[in-house]
Amino acid sequence: MSGTIAATPPIADAPTGTPPRVTGSHVFLALLHRDMRVARKELPFFLIRTTLQPLMFIIVFGYLLPKMGFMQSNYTATLLPGILAISLTISSIQAVALPMVQDFGWTNEIEDRLLAPVSTRLVAAEKIVSGVLQGFISAAFVLPMARLIMGPIPSFTLARFPEIILIVILGATAFSALGLLLGSAIAPQQIGLMFSVIIAPMLFFGCAYYPWAGLSVVPIMKYAVLINPLVYVAEGMRGALTPGVQHMPLPLSVTALVVITVIFWVAGIRSFERRAIG
């Protein structure tokens with residue numbers, strides 16, 4: 001019996017290549033890119049939310065009152081760095097705390113991020129970095145607007161640009177980490193209490209509207225406010241932007257901000273981990 005043997009098709013070689021490895025840095029950058037894209041789409045609302053109050057203070061205390069003669073014109077040199085510090089504080093805290101409250105509460109969107117192939121700490125660190133970048137944007141917007149509204153500012157200079165950038169980085173990192181701590185520790189229904197009990201006293205007693213040295217007339221208050229991180233941002237800004245006015249020594253402001261940044265970073269990430277695991 002004779003027959004024909006059908007030819008069998010050749011067997012394709014098994015693929016030898018391996019899929020590209022996804023590293024933690026790739027995931028980190030992807031998460032950061034997503035947050036910044038959302039921030040870019042909401043930029044007008046972000047600027048209104050974070051810079052409206054500082055700009056109103058600039059108009060009233062930096063333009064109207066000096067024009068009326070109720071304040072000396074050189075007060076603007078003291079006010080400008082403090083207003084920048086406030087803008088940096090508000091934007092950095094809100095950029096992290098408000099979305100965090102929503103993610104953990106109403107939308108529960110944080111679960112999607114926690115499923116990313118990276119550690120929980122890296123997800124928390126990305127939130128802080130996103131807040132730092134948004135703090136930069138807010139400060140970069142307020143500075144030229146303040147200069148335009150106030151006009152010439154005594155002793156104002158950009159010659160110490162590296163010191164300015166250092167203070168902005170440390171201040172934005174410290175307050176973004178504080179935003180992470182508050183956003184992961186406070187329930188959604190208590191978010192209003194956060195601004196009333198924590199943020200408002202920080203702004204008024206943070207030496208933003210007056211120099212720290214001026215509190216020598218009330219010694220107990222001069223040393224009590226040193227627990228407020230905003231003091232070191234405002235005084236550091238004065239030392240870098242308007243060195244001709246009274247200010248805390250710049251090395252002291254930088255050292256205090258480094259310590260505060262480390263404390264808030266560790267506390268914020270630990271709080272985020274506890275909330276994520278729980």
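The values are calculated or read from the model by the stated rules, or taken from the named source; none is laboratory data. Just so you know, these numbers come straight off a predicted model, no measurement behind them. Cβ: placed from backbone, ideal geometry, glycine included. Neighbour counts: every protein chain shown.
R270 falls short on exactly one of the conditions (1) assigned to a helix (DSSP H, G or I); (2) at pLDDT below 95; (3) in contact with a helix residue (DSSP H, G or I) (Cβ under 7 Å, 6 or more places away or on another chain), and that condition is (3).
Looking at L178, L166, L148, just one residue is without any contact (Cβ under 8 Å) to a residue 24 or more places away in the chain and either hydrophobic (A, V, I, L, M, F, W, C) or assigned to a helix (DSSP H, G or I) (or both), and that residue is L148. Could you tell me which numbered condition L170 fails, if it satisfies all but one of (1) surrounded by fewer than 21 Cβ atoms within 10 Å (Cβ to Cβ); (2) farther than 19 Å from F57 by Cβ? All conditions are met except number (1). Here is the figure for region 202-222: residues that are assigned to a helix (DSSP H, G or I), surrounded by 12 or more Cβ atoms within 10 Å (Cβ to Cβ) and of a type outside the set (A, V, I, L, M, F, W, C) total 2. The requirement of being under 18 Å from the mean Cα position of the chain (by Cα) and of a type in the set (A, V, I, L, M) is not satisfied by L80. Criterion first (part of a helix (DSSP H, G or I), at pLDDT below 95 and on the phi < 0 side of the Ramachandran plot) does L158 satisfy it? Judged against the criteria, L158 is not a match. Looking for something at pLDDT 85 or above, out of contact with any helix residue (DSSP H, G or I) (no Cβ under 9 Å at 6 or more places or on another chain) and assigned to a helix (DSSP H, G or I) - is there at least one such residue anywhere in region 26-36? The answer is no, given that none of the residues of region 26-36 is at pLDDT 85 or above, out of contact with any helix residue (DSSP H, G or I) (no Cβ under 9 Å at 6 or more places or on another chain) and assigned to a helix (DSSP H, G or I).
The requirement of being closer than 22 Å to V101 by Cβ and not aromatic (F, W, Y) is satisfied by I128. Taking into account only those residues within region 67-91 that are of a type outside the set (G, A, S) and without any contact (Cβ under 8 Å) to a residue 40 or more places away in the chain, which is nearest to S253 (Cα to Cα)? Here the residue is Y75.
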